[in-house]
Amino acid sequence: MSGYRPFRPTAWLGALAIAAAALLTPAWMSPVQAQEQPAQQAAPTTGAGTMAAVHPSAQRGFTGKAIDKVKEVAKSATDIFSRVPCLPPKDGAKNLGSLPHVAGKLAAGEPVVIVAFGSSSTAGFGASSPEFNYPNRLAAQLHRQYPTADITVINRGQGGEDATEMMRRLQTSVIDMHPDLVIWQVGTNAVLRNLDPAETAKLVDDGIARIQAGGADLVLVDPQYSPRVIEHAESAGKMVNLLGKVAELRKVGIFPRFEVMRDWHEKQAIPIDNFVISDGLHMSDWGYACFAQLLGDDIIRSVGQIKLGINVPSDVRTYRPM
């Protein structure tokens, strides 16, 4: 059994630091979330430009609001797993991967840009609110782990797209963002449309080459295990296998979402409707949250390896959640 601990509560010392930041735009939010927050009122100043005194009762009010905000954030991060815990696959890890570029920058305290690229699973269709889509969940987890780090997670999910459509916007949606890490979710819509898995794999291979030319780490995310995908079992199986082979040949990471979700149902005995919504395709709040948790834990583990001076060979980056 691994050391996964789903959304561990932050120590209160760290929580107080987050509480102060919670009164401003939270650093862990994606750019979209940050824009949705109301502008903060400027602190009162005297005519000389120095800050005016704040009445103690008002200060206590500010502190109380900050603590309430910390409790609210902690609750939203943990209560989603209160009934069904987020556990890794029972088979454990086979090959532990590495993300040397993004891990090195995080370990060095440098700003990190992560682009989540894909279709509706990335956009967050099925989540009850933007807070619960996987890129925002991942951003929150990474900020809790690295509260002083400058981490930006950009959501570039566009519902309904297959690899052909994604390739048309690869430059503007991904490469122009100068990412340190790209998480590319792909393949599901091709399966649903009965497109040739080999053609999708070729397009993904071309896209990986372009992303790697910019120096970014990359993780592929294969299709979800859900009723509508399982209806196309043969095509889904080919897609999963081909994406795995492309990742191996290109020496990039792959998060085996199909196998992880199948493990939830077949080995952990979790009903499908706990992690897939009623349309039989898209993930629920719990599904997105557990997916983000397992992915985030792998990123955090990779950073830990860099800090310990463990050099994982660049040609061993196949993700297998512990």
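Every number here is computed from the coordinates shown, using simple stated rules; none is lab data. None of these values were measured; they are calculated from a predicted model. Here Cβ is always computed from backbone atoms with ideal geometry, including for glycine, and neighbour counts include all displayed protein chains.
Things to note:
- Dipole magnitude of the range 91-307 about its Cα centre (Cβ charges: Lys, Arg +1; Asp, Glu -1), debye to nearest 20: 400 debye
- Considering only 211, 240, 283, the residue lying farthest towards the positive end of the dipole of the range 170-322 is 211, judged by Cα position with unit charges set on Cβ.
- Spin-label pair residue 131/residue 199, simplified geometry with 7 Å Cα→Cβ offset, distance in nm: 4.3 nm
- Approximating the spin labels as points 7 Å out from Cα along Cα→Cβ, the residue 167-to-residue 273 distance works out to 4.0 nm.
- Ordering 105-115, 169-179 by mean Cβ neighbour count within 10 Å, with the highest value first, yields 105-115, 169-179.
- DSSP-defined beta bridges in the range 91-307 - what % are antiparallel, rounded to 5: 5 percent
- Between residue 153 and 114, the built amide H atoms are under 5 Å apart, and every one of these is 5 or more places off in sequence or on another chain.
- Three-way shape label, the range 193-298, alpha-carbon gyration tensor, a/c 1.5: oblate
- 5 angstrom amide H check on residue 254, placed H, neighbours 5+ away: 220, 319
- Phi-derived couplings, Karplus 6.51 cos²θ - 1.76 cosθ + 1.60 at θ = phi - 60°, listed residue by residue for the range 293-300: 4, 5, 5, x, 4, 5, 5, 4 Hz, with x used for Gly and Pro.
- Sequence-separation-based contact order of the range 91-307, relative, with Cα cut under 8 Å and 6+ spacing, percent: 28 percent
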